[in-house]
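The values are calculated or read from the model by the stated rules, or taken from the named source; none is laboratory data. These numbers were taken from a predicted model, which means no experiment stands behind them. Here Cβ is always computed from backbone atoms with ideal geometry, including for glycine, and neighbour counts include all displayed protein chains. Each accessible area value is taken on the protein alone, full model and side chains, heavy atoms only, with ligands, DNA and RNA left out. Shrake-Rupley method; radii C 1.70, N 1.55, O 1.52, S 1.80 Å.
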Amino acid sequence: MTALAEVEGIEVFYGASQALFGMDLTIQPGEAVALMGRNGMGKSTTIRALCRMQPVAKGSVRFDGRDITALPSFQAARLGIGLVPEGRRCFATLTVTENLIAAARPGQWTLETVRAFFPRLAERSAQQASTLSGGEQQMLAIGRALMTNPRLLILDEATEGLAPVIRAEIWAAIARLKAQGQSILIVDKTVKELKPIADRCVVLERGRAVWTGATTAITPEIEQRYLGI
Amino acid sequence: MVDPVLSLSHLSKSFGALKATDDVSLTLMPGEIHALIGPNGAGKSTLIGQISGRIAPDAGTITFKGRDITGLSVAQRARLGLGRSFQISSLIPEYSARRNVMLGLQARQGHSFRFLKPVMHDRRLRDEAEAILAKVGLAGRASVPSAELSHGERRLLEIAVALALEPACFLLDEPMAGMGAEGVGALVDFLRGLKAQAPILLIEHDMDAVFALADRLSVLVYGRIIASGSVEEIRNDPAVREAYLGDSE
Amino acid sequence: MTAALLFEQFLNGLQFGLMLFLMSAGLTLVFGVMGLINLAHGSLFMIGAFFCAAAAGLTGNFWLGLAAGMAAAAAAGALIEVTVMRRLYTRDHLDQVLATFALILILSEGTKILFGPFPLYLDVPPLLTGTVDLGLTPYPLYRLALIVAGIGVALGLWLLIGRTRLGIRIRAGENDREMIAALGVNIRALYTVVFALGAALAGLAGALVGAVQSVQVGMGEPVLILAFVVIVIGGIGSIRGAMVGALLVGVIDTMGRFLLPQVFALFLDPSKASGAGAALASILVYLLMALILVIRPKGLFPVHA
Amino acid sequence: MPDKRREYALNAVLALGLLLVPLWAYWAGSPFTITVFTRIAIFALAAVGLNIALGLGGMVSFGHAVYFGVGGYVAGIAAQHAFNGETFLGIAGANQMLIIWPVAMIAAGLLAAVIGAFSLRTSGIFFIMITLAFAQMVYYFAISWPTYGGEDGLPIYVRNTFPGLNTMRPWNLFILCWCLLMLAIGAFALIRASRFGAALMAIRQNPDRVAAVGISPFGIKLAAFVISAMITGLAGALMADLSRFASPAAMAWTMSGELIVIIILGGTGRLFGPVAGAAVLVGFEVIFGGMTEHWRLWLGLVLLLTVLFARGGIVTLIAGRERLG
Amino acid sequence: DPVTVGLITTLSGGGAGLGVDVRDAFELALQMAGSDAIHLVVEDDGQRPENAVQIADRMIQSEGAQILTGIIWSNLAMAVVPAVTAQDVIYVSPNAGPSALAGAGCTPNYFNAAYQNDTMHEAAGQYANTLGYQNAFIMAPNYPAGVDALTGFKRYFQGTLAGEVYTQLGQTDFAAEIAQIRASGADSIFIFEPGGMGISFMRQYAQSGVDLPIISAAFTFSQDVLPAVGDAALGVINTAEWSPDMDNEANVAFVAAFQEAYGRLPSVYAAQSFDTANLILSALAAADISDLEAFRTAMRAADFDSVRGSFRFGNNQHPIQNYYAREVVSVDGVLTNRIVGTAFEDHQDVYAADCAME
Ligand SMILES: Nc1ncnc2c1ncn2[C@@H]1O[C@H](COP(=O)(O)OP(=O)(O)OP(=O)(O)O)[C@@H](O)[C@H]1O
Ligand SMILES: Nc1ncnc2c1ncn2[C@@H]1O[C@H](COP(=O)(O)OP(=O)(O)OP(=O)(O)O)[C@@H](O)[C@H]1O
Ligand SMILES: [Mg+2]
Ligand SMILES: [Mg+2]
C-alpha cells in the first residue's frame, strides 16, 4: 500500500530563520494521524509545507506517490488536500454559503451533505462570515474544506477558543468523518480529546519528529517530556 | 462592606437586531478573580469592549473606583487604571518586547509629549521594563521584535504590558488561548499571585484553568447573565451545563 | 430659470454621474475588490481612447475602434499585472502607489512616442449622432447611449461580483489570498483576468468618453482623481456605493456649476458673481467628499471587513 | 551592528556630498550646479517634513503640497508687499527671511491643524483621499483668487534677505537651505528617539494598542501632522525664494505625489531617506531632462525597478532594514 | 561666435503639442535663413513654472545663453521673465503676453513678438459688432487668462450679455453650460477654452442641437487642435494676427516649408515662433549683442519679413499689428483657417499707456 502523503526530511525557513530541520511524516489512506508538540515546534509549518504554502528548502513532499515538492498550493489542493487552517481564516465578507461554494469541487460532499452534517451552517447560510461566532466559524472552515472533497483532511487547531459544548460537537463530527474512512491529519492542544480519535501520533520537537507511534503507546513520560503535561 | 473596584449596571449593546449584551450588571471586588464564561458569540468580548471604552454602550453605566466612566475615551480609562489584554494578541509588531513594555511604562507616567530626551537611553525605564519581562518569564527575549515571538510568548507579553500600567484592575480576554499545557500551568500560577495586586475580570474557555482560578463565576448567554456564583454552584447548574459546559464535565 | 432648464440640468447631472461611474467602474473592481491602489487606471483609460481613435480613424468604424480600445487596454492591463502588480499584492499600499505612479509616467510617455503630442480625433458613430426630443428639451443621443452603457456596466459588474462563482472567488481572494489558493483556486491567473477586465473597463470608458472629449496625453489624470472621489464617497469595494457616489457627484457638480453663480449674483455684480460661483463650484465635489468622510469615515456604503 | 554603521556612513556621505559638490561648483564657477543642489536640499526638507507624518506616524498625506505652496505664498506675498509698500490685513510686508520663515511655518501649521482635525477621523485610503480633497480645495482657490496672481502665480522680483548674506548669490542661498535641512533632520532624529516619537511610531503600527495603554492617538497624530506641515511649509518658502516665484502649481496633487515618491524612493521613515530620494529625483530630471524629451519614461522605469527590486528604498538597499529596538 | 539662444517650451504632458510647434518652427526659421548666428538649446519645461525657472537659470549660468524664448503659458512667463530680464538677458516671447509685463511692469529686455493676451479677445469683441451680434453668451475658464479673455471681449463688444460663465480649468464635460446657452436666448457665443477644454466643448456643442454662431480667439481653433475638434469646428469665426492663407511672400514660403518639413500645417504658435526667430536673427545681423543697448535698438526696429505682413513694436515692445477674423474651413479634407475679414488695423494693447518706456 502506498502512503497517501509523505513528508521526507524537509527543511523550511521563514526568511533567515529555520523552522523545520529534517521533518518526516507519513499518512496512510484512511488513517487519522495527530501532530503533537509544544508551542512553536513546527506543527503548523509542517502543514504549510505539505499544503505547499511554504517553500521547502530541502527534502521532499509526496502525495499519492507523486512528488509535489515544487507544486503551487492550488495544484496541491486539487490533488486532494483539504486544509482547515490555524485561526479558521474564513472569508470574512462572504456569506456562509459563498464561503462553502467558493472552492468547491465535485464529489461526495455537496452543499446539501455539508448542511446536513452541520445543521448550524444551514441556519446561517446568508450570514456574513465575520459575524459568526467562533464555533460557527470553525464549522464553516471544516465544511469549506470538505466541499473540496479532499482525500486528506488537515485540521490545524480546530478547537482553539471554543466553548466546551461546541468543542464536543466538533470532536464528534471529526469522529464521524473518520468512521466514514476519511484520512485526517490533526493538530490539537488537548491531548485528552485527541487520543480517542487519532490512530497514530507524531511528536515534534525543534522542527523534527522525535517520537512516532500508535496513540495507545504514548506514555506519561512522553507527555511530560515533549508536551509538558 | 468593601466597595467594588468596578461595577457595571444594566449595560446593553445591540448590533442591528442582535443584542450582543443585554442588561448586564456585574461587580469586581478588590482581590478577587471574577471569571466570565459563556458560549462563543455570547457577548463577552463585547462587554470587555464596553468596559475598556472601545465600544459605546447603548444603555447602562460603568463605575470604576467610585467614578462614572461611561463617557470617557479608551485612553482616559486606561490612564485611570483599567488594564486590558486582547483576545487576539495586539502588540506593536516592530517594537521589541522590551520596547512594548516601555511604551506601557511611558503611558503610565503620562509623558508622551516630550520631544527631546531619547527614550531608549532612559535607564530607569529600561530597567523597569526588563524587570517586568522577567516576572512573566520573557527575560531572555527582551530584544526580539514582538512580531517574531511565538504565539505563546506574545500572550505573555500582552500580560507584561498590562502589568506595566500598574492598573487598578485587569481585564483579560482569553489569555490562555493558544498556549500549550505547560504555558497554561505557568500562567495560572502567575495570575493567582497577581490578583492580590489588582482584581481580575477573566474571560476564558479553558475550564480547568477557570475552575482553578476563579473566586466567582458569571455565565453569559445571548448577552444575558444567566447564572452567577461560586465554582461549585456554576458547575452543577443544569442551565449552564446545557448552554455551555456540555456533558463532558 | 425655467422648468425645462432645471430638468435638463438634472438630466445632465445624472448623465455626468453615469459617465463618472463608467470611468470608475474598473477602478472599483481593481481597488475595491482586489484591494489594489492603481493610480495608472487613468492611463489605461487614455490607452483605450487613443487606440479607439486610431483604429476608428484607420478603419472609419467607431465600433471596431471601441473593440480595439478595449483590447489594447486589456492587453496592457494583463501585461502590467503579470510583470508588476503580481509582486505587490502582499506589499503595503505605499509601494503600490509608487509603482503605479511610475506606470503613469511610462504609459503617458509611451503613448506620446506612439501617437505623437497632438490630440487625436474620435467622432461619435453615425448611429448615435443627433438629438432626441425628450418632451421638455432635446437631448444628445450619444449622451443617452452613455447613460445606457453606464447602467449596463453597473448591472454586469453587480452580477459578476455578487452572483457568480468567479465573483465569489475574487472576493475570497481579497479576504485571504493564500487561503483561497490553498483550497485549490488558481488565484494568480484569476487576478490577471480580473485586472485585465478592470483595464478593459477603463479602456471602454476612455473610448466612449473620447468621442465627446479630447483624446490627448494626460486626459486620464483628472478622471483618476474624480474616480477616486466617487468610490471613496460610495465606500470602497461597493458597486452600489460607486453608483450612488457617481450620481451624487454628477448631480451636485452640475447643479453647483449652474446654480452657484446665480446665488452669488444676488449680492455681487454679475462678473464677480460668476467668478466666485465658479470658484466655489470647482471645489464643491471635494467639499462633498470631505463632508461625507467626516460624518462617515468609511464612505456611504462601507463593506464590512 | 554592521547595518547601523553602514547607515551612519551613508548618512555622512549624503550630508557631506550635498555640501561638498556645491562647494566644488562654487570654486569651479558653476552656479547652476549650486542651484540644482539647492533644489535637492529644499525638496529633501519638504520631504523630511512629510516623513514625520508618513514615515513615523503612518499618515499618508496626499495633500502635503498645500503646505509647501502656502509657505511659498507667504514668501511671495510678503515680498510683494515689501516691494510695493502695501499692507496685508494691515500688516506691512517683510522681505526678511528671519521673519518670513516663522510666518510660513505658522501659516502651514495652522492650516494643518484645521485639515488634520477633520482628516484624522479617517484612516487608510480614506485619509489619503480626504487630505487630497482638502488640498484640491486650496489649490482651486489659489488658482481662481485673482489678488495674488491666480494661476499666473506671484513673481518675487527681489529675493528676500538674510542678515549678513547676499541671498541673490547661489552659494549663499544654498548654504542657508543646507543648514535648515540639517536642522530639520536633527529635529526628525530627536523626535523619533523621544517619547513622542515612540508613541507616534507605535500608533502607526497599532493605534488600538496605544489607546489601550492610555495614550490618546488623536492628539499625538495631530501634533505630528502639524509639525510635519510646518517643516514642509518652511521648504515652500525657500523654494519660492529659489525660484523667485510663488506658484499655485506647487500645490497641485502631482506635487504631493512627488513628495511621497521622494520618501518611498529614499526609504520610508529613514533619517536620510528624503535626501537620497530628492537627489535621485532631481538629479534624474536634470541629467536626463537635457538629454531626451522622453526622460519621464526612463524615470518611470527606474521608479518601477526600485519598488520591485529594492524594497524599502535606497537607504534600505544600502544599509539594510531598520530595527526600531 | 554664434549667440546662444535658449528655447524653453512645453514638450511633455498635455500641452506638448504647442511647444512642439514652437520648437519646430524656430528650428525651421534658422534652417531657412541658413545663418549660423544662433546656437540653439532647447529644453522641456513640462508646463511647470518652477522647472522653467531652473532651466532658465541653467541656460544663463552654465550655457551662457544671452537670449531666451519659447515659453507658451502666461504663468510660466510670469515666473521666468522678471528674473531673466533682471540679469540683463533678453527674453523674446513667441506666445504668452501677460498684462503685467505689458503695462507698468514693462522692461527694456523683454520683447513680445506675438500679442498681448487681451488683444485677441478684443478683436473678437470688435468683430462680433461687425457681424451684428447683439446678445452674446460668453464663457472662459476661471483663471487669470480666462478673466482677461472675457474682459478683453467686453472692452469692445457693444451688445448685451446673455450670460457670463466661468468654467473650471481642465473641465471635460460642458453639458451644464450648453444647457444654459440653450436657455439664455443669446444670438451668439464667445468662448475662450484653450487646448483639450475647447476640443471637448466643441464636440459636445456639435451634438447638443444648439446652433448659435461661435466667435472666439485663435487659441481654441488653432491648427494644433483643429484635427481633433473635427467638423464641429467648421464655420467658427476666430480672431488672430495671422492665418495660414495670408498672401505675403514670407508666409507662403513659411507655410510651404513647414508642411514640407513636418507634414502638417503650421499653427498660430508656429507662425509666432517663426517670426520670433527671424526677429532675433535680424537684430543679431544689425548689432552685436555684447552691446546690449545697440542690440535692443535693433530689436525695436523689427526689421524682418514677418509672416504677418507688417509688424512693428509699440513703446512697451509689444506688437502693433492687424487682427483678422478667420473662419474654419475644410481644404482637401484638412481643416484650416481662412481670413474672412479684418477686426483691427494697427491695434495696440491698452496697457501700453501704463508703460514708462518711450
Ligand atoms: N511568519 C513567520 N515568520 C517567522 N517565523 C515564524 C513564522 N511563523 C512561524 N515562525 C516560527 O517558526 C517556528 C515554528 O512555528 P509553527 O507555527 O510551525 O509552530 P507550531 O508548532 O504550529 O506552534 P503553535 O502550537 O504555537 O501553533 C516557530 O519558532 C515560529 O516562531
Ligand atoms: N461590530 C459588530 N457588528 C456586528 N456584530 C458584531 C460585532 N461585533 C460583535 N458582533 C456579534 O456580537 C456577538 C458577540 O460577540 P463577542 O465577540 O462579544 O462574543 P464572545 O462572547 O467574545 O465570543 P468568543 O468566545 O467566541 O470570543 C457575536 O454574535 C458577534 O458576531
Ligand atoms: Mg500552529
Ligand atoms: Mg471573545
query = Listed residues D:L173, D:L110; which is in a helix (DSSP H, G or I), away from chain E (no Cβ under 14 Å) and under 27 Å from D:I260 (Cβ atoms)?
reply = D:L110
task = Would you mind finding the one in B:V210, B:V188 that is out of contact with any Cys (no Cβ under 7 Å at 6 or more places or on another chain), under 25 Å from B:A20 (Cα atoms), at pLDDT 85 or above and of a type outside the set (F, W, Y)?
result = B:V210
task = Please note which helices (runs of 4 or more DSSP H) are completely contained in segment C:1-106 and include at least 3 residues that are more than 17 Å from C:V215 (Cα to Cα).
result = C:3-27, C:62-83
inquiry  = Residue under question is D:G76, and the condition is that it be at pLDDT 90 or above and in a helix (DSSP H, G or I); does it hold?
reply    = yes
query = When you scan segment B:157-194, how many residues do you find that are charged (D, E, K, R) and in contact with a Gly (Cβ under 8 Å, 6 or more places away or on another chain)?
reply = 3
task = Sort out which residues of segment C:231-278 are surrounded by 24 or more Cβ atoms within 10 Å (Cβ to Cβ), within 11 Å of chain E (Cβ to nearest Cβ) and among the hydrophobic types (A, V, I, L, M, F, W, C), and write them in order of number.
result = C:F258, C:A278
remark   = Within segment A:129-167, residues being among the charged types (D, E, K, R), within 14 Å of ligand 4 (Cβ to nearest atom) and not in a helix (DSSP H, G or I) number 1
request  = Identify all residues within segment A:20-60 that are crowded, with 21+ Cβ neighbours inside 10 Å and part of a strand (DSSP E or B); write none if there are none.
outcome  = A:L20, A:M23, A:L25, A:I27, A:A32, A:V33, A:A34, A:L35, A:M36
key: Residues of segment D:14-28 satisfying the condition of being more than 15 Å from D:L317 (Cα to Cα) and either open to solvent by 90 Å² or more (accessible area, probe 1.4 Å) or among the hydrophobic types (A, V, I, L, M, F, W, C) (or both)   = D:A15, D:L16, D:L18, D:L19, D:L20, D:V21, D:L23, D:W24, D:A25, D:Y26, D:W27, D:A28
task = Name the single residue, out of those in segment B:47-104 being more than 9 Å from chain D (Cβ to nearest Cβ) and charged (D, E, K, R), that is nearest to B:L133 (Cα to Cα).
result = B:K65
note = Flagged in segment E:328-357 as of a type in the set (D, E), open to solvent by 20 Å² or more (accessible area, probe 1.4 Å) and modelled with pLDDT of 90 or more, in numbering order, are E:E345, E:D346, E:D354
inquiry  = Just to be sure before I move on: is A:T46 polar (S, T, N, Q) and either within 16 Å of ligand 2 (Cβ to nearest atom) or under 24 Å from A:R144 (Cα atoms) (or both) in the structure I sent?
reply    = yes
So B:G60, is it touching a Leu at 6+ places or on another chain (Cβ under 8 Å) and at pLDDT below 90 = no
ask   = Could you give every pair whose Cβ atoms fall below 7 Å, whose first residue belongs to segment B:159-179 and is among the aliphatic types (A, V, I, L, M), and whose second residue is within 16 Å of ligand 1 (Cβ to nearest atom) and in a helix (DSSP H, G or I), counting only separations of at least 6 or pairs across chains?
value = B:M176/B:V184; B:M176/B:L187; B:M179/B:G152; B:M179/B:R155; B:M179/B:L187
ask   = Going by the conditions given, is A:A70 more than 10 Å from ligand 1 (Cβ to nearest atom), in the same structural domain as A:E193 (by TED's automatic domain parsing) and open to solvent by 50 Å² or more (accessible area, probe 1.4 Å)?
value = yes
request  = Among the residues of segment D:196-222, count how many are facing chain B (nearest Cβ under 7 Å) and either within 26 Å of the chain's Cα centre (by Cα) or of a type outside the set (A, V, I, L, M) (or both).
outcome  = 11
query = From the list E:L161, E:L150, which residue is farther than 24 Å from C:Q213 by Cβ, of a type outside the set (D, E) and either touching a strand residue (DSSP E or B) at 6+ places or on another chain (Cβ under 7 Å) or not in a strand (DSSP E or B) (or both)?
reply = E:L161
query = Is it true that B:D237 is over 21 Å from A:G161 (Cβ atoms), among the charged types (D, E, K, R) and at pLDDT 90 or above?
reply = no
query = How many residues, within segment B:81-131, are in contact with a Phe, Trp or Tyr (Cβ under 8 Å, 6 or more places away or on another chain) and either of a type in the set (D, E) or modelled with pLDDT of 90 or more (or both)?
reply = 1
remark   = Residues of segment B:151-167 being closer than 27 Å to B:P4 by Cα and open to solvent by less than 30 Å² (accessible area, probe 1.4 Å), in sequence order, are B:E158, B:I159, B:A160, B:V161, B:A162, B:L163, B:A164, B:L165, B:P167
key: Counted residues, segment D:295-316 - those being free of Cβ contacts under 8 Å to residues at least 12 places away in the same chain and either more than 7 Å from every other protein chain (Cβ to nearest Cβ) or not aliphatic (A, V, I, L, M) (or both)   = 7
remark   = Condition set among the small types (G, A, S) and assigned to a helix (DSSP H, G or I), scope segment B:129-150, selection farthest from B:L8 (Cα to Cα): answer is B:G140
inquiry  = Criterion first (more than 16 Å from ligand 1 (Cβ to nearest atom), open to solvent by 30 Å² or more (accessible area, probe 1.4 Å) and either hydrophobic (A, V, I, L, M, F, W, C) or at pLDDT 90 or above (or both)) does A:A198 satisfy it?
reply    = no
ask   = Is at least one residue of segment A:82-90 within 16 Å of ligand 3 (Cβ to nearest atom), in a loop (DSSP other than H, G, I, E, B) and within 15 Å of A:P150 (Cβ to Cβ)?
value = yes
Selection count, segment D:115-133, where residues are closer than 14 Å to D:A65 by Cα and among the small types (G, A, S) = 1
task = Residue by residue through segment E:184-201, note down the ones that are assigned to a strand (DSSP E or B) and aromatic (F, W, Y).
result = E:F190
task = Please find, among A:I222, A:I184, the residue that is assigned to a helix (DSSP H, G or I) and more than 16 Å from ligand 3 (Cβ to nearest atom).
result = A:I222
request  = Of the numbered conditions (1) in contact with a Gly (Cβ under 6 Å, 6 or more places away or on another chain); (2) away from ligand 1 (no atom under 16 Å from the Cβ), A:A173 fails exactly one; give the number of that condition.
outcome  = (1)
query = Considering segment B:108-157 alone, what residues qualify as being within 22 Å of D:A199 (Cβ to Cβ), hydroxyl-bearing (S, T, Y) and facing another protein chain (nearest Cβ under 9 Å)?
reply = B:S112, B:S143
task = Run A:T2 past the list (1) open to solvent by less than 10 Å² (accessible area, probe 1.4 Å); (2) touching a residue at least 40 places away in the same chain (Cβ under 8 Å); (3) β-branched (V, I, T) and report the number of the one that doesn't hold.
result = (1)
